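J.: Dumping the structure here so I can ask a few things about it.
The values are calculated or read from the model by the stated rules, or taken from the named source; none is laboratory data. Everything numeric here is computed off the predicted structure, so don't read it as measured data. Don't worry about glycine lacking a Cβ; one is built from the backbone with ideal geometry, like all the others, and counts go over all protein chains shown.
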Amino acid sequence: MEIAVISGKGGTGKSSISAAFATLSEKVVLADCDVDAANMYILFNPTHEEEQVYIGSQKAVIYYSLCTNCGLCVDYCRFNAISFINNKVEISEISCDGCKLCSRICPTKAITMVDSDKSRMYSGTFRNGKMVYGRLAPGEENSGKLVNIIRDKAKKVSKENNLNTIIIDGPPGIGCPVISTITGVNHVVIITEPTISGLHDLKRTIEITSKFNLKTWVIINKYDLNVEKAYQIEKYCSSINIKVAAKIPFDAKVVEAMVHCKSIIELNPSSEISHLIKNAYTLITNG
Amino acid sequence: MIKSAKIKIAIASGKGGTGKTLISTNLFYVLQQQNINATLVDCDAEEPNDLMFFNGEKRKSFEVTQKVPVIDDNKCTFCGKCYDYCNYNAIFILPPAKIIKVIEDLCHGCGACTVVCKFNAISEKDVSLGTVTRFLITEHTSIIEARMKIGVFSPVFVIKAAIKEAGNDGIIILDSPPGTSCPFIHTVVRADYVILITEPTPFGLSDLKQSVETLKTMNKTYGVIINRAGLGDNTVYEYLNQENIPLLMEIPFDKTIASHYSKGELLSEFQPELKAQFISMFNLIVEKYGNSSN
Ligand code: SF4
Ligand code: SF4
Ligand code: SF4
Ligand code: SF4
């Protein structure tokens, strides 16, 4: 069973709740798919058993010894990545999208494509099972491809080790990486906060999950910061038949747990929040 | 001095939810109160929220588009050249069955297929990636919002168009997308100064380090605001000290701040001491890094 934890916007406490789910009792596979801000490894300090290079994209590079400065590549590049700087063609690494067109049309074959190979996928063991996570190198396009590779690996690890549950800590937002994270999972849990944008962000996220016909749950985190907005969120969820699996109050203990590199379940198993998270998890996994 | 300044300041953080919106909107509000010519560009195109804190009047709105190929089955000889040239696997071809299709979601609009087709079978159409909208807030201030369509491969084009729309005059605040991937880079590359927002926790520190490393390779100048100070531990402070990174401001954790924010209220409206701090921080940044040419 795959359970994906996502949120429309970052900072809703998604990681803390994923971490709590991952430490409830049974051993699990934890997949950190928030590749742009991978955080789970900080809490769980997993062993590195495997490391895999992920090639996210390519960049064009000019060999000036071959270049005649004809300017053809400048005209063809649709990403405005090539321009004349001091009468010499130059490619901006930031703007290059890696389409390879310049390299194909250059009459003197002066342009080659170089792999961006700084992103990684790791897998290993942590205190409550196995863990797979990725780290996207700065400046890479977060296309969801790395997310797919992590999920495939997590499934393989789950089979090999007989661990039936995969908890996925997903990326924030509504882009391609989120879609890669949730496609085909058994449950999606959306973490939301009762802020001015909370309901709006939640609606956009539900738009995606309903497109894929996924079993969706909502957890309202820090609901007591604005009880009225929390109520609006609840009302909205019930109007479209989505279950609110938990309403969790604000508690500084959650941050304290993080500082101690623990989940709230590990730091304070008998706290109210731990109970609420446990109940939510039981509800989701039986639902 | 600050009134005649020309500067682009990016507000960024390694992950979402550290208070980037809170700080961008409050900085903007403080400038607005001082009658300074200012523009806030909401570059967080996946979930733009800045506008929720203000009442704006819509002035201008346009779609940001990209080209996508359209293949004419009657002219196509199924030679497969376009498939070879596409570096994004956006063309699906089955010559024996005479099937050819463009997978629009994967297409980046690079034009390579059109260039290579010798049979004139490919034309192009525009598809929308999102919108850029300008709202007038007061006489001297406006908000420009970049809003990406759901599922588009990258928000970068919409972000770039929004920043371009802001022009070069006055103080321009860029509320950056979270993270350090492509959208972040394309935003901060245009900034004269970057303010990084972080929390004093292990997650905050790890994200901050990654942002700092990235800004270093880009040769940007930057400082840090610690939000929710008081929660968490000391490691972020130690890191700033050790790396000689200026700590611009601290915003204490306070449940009432969080609750005001949740209602869409602006902090600086009821916390005069924060307002004063924002202003002096601004003066400092403008004095040192203003009037550059990005
Ligand atoms: S097309 Fe080739 S030869 Fe011409 S300017 Fe570009 S790199 Fe140089
Ligand atoms: S690979 Fe494509 S995007 Fe990069 S410089 Fe060449 S033509 Fe431009
Ligand atoms: S290159 Fe032109 S003719 Fe050849 S398969 Fe593509 S569209 Fe058809
Ligand atoms: S425009 Fe570029 S990305 Fe799109 S189908 Fe053609 S070759 Fe592929």
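J.: Among the residues of region B:93-113, which ones are more than 10 Å from chain A (Cβ to nearest Cβ) and either of a type outside the set (A, V, I, L, M, F, W, C) or in a loop (DSSP other than H, G, I, E, B) (or both)?
T.: Result: B:95, B:96, B:98, B:101, B:103, B:104, B:107.
J.: Where in region A:116-233 are there strands (runs of 3 or more DSSP E), lying fully within it, with 1 or more residues that are of a type in the set (S, T, N, Q) and under 23 Å from residue A:22 (Cα atoms)?
T.: Details: elements: A:119-126, A:129-135, A:166-172, A:187-192, A:216-221.
Fully inside region A:116-233 and qualifying: A:119-126, A:187-192, A:216-221.
J.: Shifting gears a bit: Here are the criteria: (1) surrounded by fewer than 17 Cβ atoms within 10 Å (Cβ to Cβ); (2) out of contact with any helix residue (DSSP H, G or I) (no Cβ under 7 Å at 6 or more places or on another chain). Tell me which single one residue B:264 does not satisfy.
T.: The single condition residue B:264 does not satisfy is (2).
J.: Let me ask something else. In region B:63-92, which residue that is more than 9 Å from ligand 3 (Cβ to nearest atom) and not in a loop (DSSP other than H, G, I, E, B) is farthest from the chain's Cα centre (by Cα)?
T.: B:92
Each row is one residue, and each column tells you yes or no for (1) touching a residue at least 60 places away in the same chain (Cβ under 8 Å); (2) within 23 Å of residue A:113 (Cβ to Cβ); (3) surrounded by fewer than 16 Cβ atoms within 10 Å (Cβ to Cβ).
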position: B:70; (1), (2), (3): no, no, yes
position: B:73; (1), (2), (3): no, no, yes
position: B:88; (1), (2), (3): no, yes, no
position: B:103; (1), (2), (3): no, yes, yes
position: B:113; (1), (2), (3): no, yes, no
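J.: Right, another one. Any residue that is of a type in the set (D, E, K, R) and either at pLDDT 95 or above or within 14 Å of ligand 1 (Cβ to nearest atom) (or both) - is there at least one of those in region A:103-122?
T.: Going residue by residue through region A:103-122, those that are of a type in the set (D, E, K, R) are A:104, A:109, A:115, A:117-118, A:120.
Filter once more, keeping what is either at pLDDT 95 or above or within 14 Å of ligand 1 (Cβ to nearest atom) (or both): A:104, A:109.
Checking region A:103-122: at least one residue is of a type in the set (D, E, K, R) and either at pLDDT 95 or above or within 14 Å of ligand 1 (Cβ to nearest atom) (or both).
J.: May I pose another question? Assess whether residue A:118 counts as being within 30 Å of residue A:76 (Cβ to Cβ), more than 16 Å from ligand 4 (Cβ to nearest atom) and in contact with a Pro (Cβ under 9 Å, 6 or more places away or on another chain).
T.: Here the answer is yes, as residue A:118 does meet what is asked.
J.: Go through (1) touching a residue at least 12 places away in the same chain (Cβ under 8 Å); (2) more than 14 Å from chain A (Cβ to nearest Cβ) for residue B:52 and report which single condition fails.
T.: Result: residue B:52 passes all but (2).
J.: Take residues that are touching a Cys at 6+ places or on another chain (Cβ under 6 Å) and tell me which of the helices (runs of 4 or more DSSP H) falling wholly in region B:166-270 contain 1 or more.
T.: Details: elements: B:182-188, B:202-217, B:235-243, B:255-262, B:267-270.
Where helices (runs of 4 or more DSSP H) fall fully within region B:166-270 and carry at least 1 residues being touching a Cys at 6+ places or on another chain (Cβ under 6 Å), they are B:182-188.
J.: When you go through A:190, A:196, A:167 one by one, which is the residue that is within 14 Å of another protein chain (Cβ to nearest Cβ) and buried (at least 24 other Cβ atoms within 10 Å of the Cβ)?
T.: Of the residues listed, the single one that is within 14 Å of another protein chain (Cβ to nearest Cβ) and buried (at least 24 other Cβ atoms within 10 Å of the Cβ) is A:190.
J.: For residue B:241, are the conditions met, namely being of a type outside the set (Val, Ile, Thr) and either surrounded by 18 or more Cβ atoms within 10 Å (Cβ to Cβ) or in contact with a strand residue (DSSP E or B) (Cβ under 9 Å, 6 or more places away or on another chain) (or both)?
T.: Working: of a type outside the set (Val, Ile, Thr): yes; either surrounded by 18 or more Cβ atoms within 10 Å (Cβ to Cβ) or in contact with a strand residue (DSSP E or B) (Cβ under 9 Å, 6 or more places away or on another chain) (or both): yes.
It is true that residue B:241 is of a type outside the set (Val, Ile, Thr) and either surrounded by 18 or more Cβ atoms within 10 Å (Cβ to Cβ) or in contact with a strand residue (DSSP E or B) (Cβ under 9 Å, 6 or more places away or on another chain) (or both).
J.: When the residues of region B:115-153 are filtered to those that are touching a residue at least 60 places away in the same chain (Cβ under 8 Å) and among the acidic types (Asp, Glu), which remaining residue is nearest to residue B:37 (Cα to Cα)?
T.: Restricting to residues being touching a residue at least 60 places away in the same chain (Cβ under 8 Å) and among the acidic types (Asp, Glu), the top hit is B:145.
J.: Please tell me if residue A:42 is β-branched (Val, Ile, Thr) and not assigned by TED's automatic domain parsing to the domain that holds residue A:160. Walk me through it before giving the result.
T.: Working: β-branched (Val, Ile, Thr): yes; not assigned by TED's automatic domain parsing to the domain that holds residue A:160: no.
Here the answer is no, as residue A:42 does not meet what is asked.
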